[in-house]
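The values are calculated or read from the model by the stated rules, or taken from the named source; none is laboratory data. Model, not experiment: these values are computed from the prediction. Cβ: placed from backbone, ideal geometry, glycine included. Neighbour counts: every protein chain shown. We work out accessible area using only protein heavy atoms, side chains counted, and drop any ligands, DNA or RNA first. Shrake-Rupley method; radii C 1.70, N 1.55, O 1.52, S 1.80 Å.
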Amino acid sequence: MLQLIKDWLKGKVILIAVAITLSLVILSLIKIPAYNLGVTHLDKWQHCFAYFVLSISWLIVFYKKKKKLLVVVCCILLGVIIEILQNTLTSYRTGDYHDVIANSLGVLLGLFVVNKIGTKIEVKKRKDL
């Protein structure tokens, strides 16, 4: 089953990362109805999760090319640019430095997870040899 998933994803990983990026940009700039679920700082958790997924998708794309730092910088920069665009292009969204912090934490968490998983995969490969 795992091999089937790997075969299906081969060559499509970059398309998935681009789709995630475009979805994130669009969702960040459109008007979304307000809702209250009673969870404090829910939007910051959503920002963190969105950028966690974004960073993991791009870190997987560039994993073998050792471009982790570039991916992290670009994902954080995208978060900053989106916050600026929300403040300047829209009248219904506002840029917030707290969102930038949540975005950045999501990116760094994604890097941490990819590093931990990658280390375990490399150790397993060495044991198999």
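Considering the range 13-45 alone, what residues qualify as being at pLDDT 85 or above, surrounded by 10 or more Cβ atoms within 10 Å (Cβ to Cβ) and assigned to a loop (DSSP other than H, G, I, E, B)? Scanning the range 13-45 gives a single hit, 30. Within the range 65-72, none of the residues are crowded, with 19+ Cβ neighbours inside 10 Å and either charged (D, E, K, R) or not in a helix (DSSP H, G or I) (or both). In the set (1) aromatic (Phe, Trp, Tyr); (2) open to solvent by 60 Å² or more (accessible area, probe 1.4 Å); (3) more than 17 Å from residue 102 (Cβ to Cβ); (4) at pLDDT 90 or above, the condition left unmet by residue 49 is number (3).
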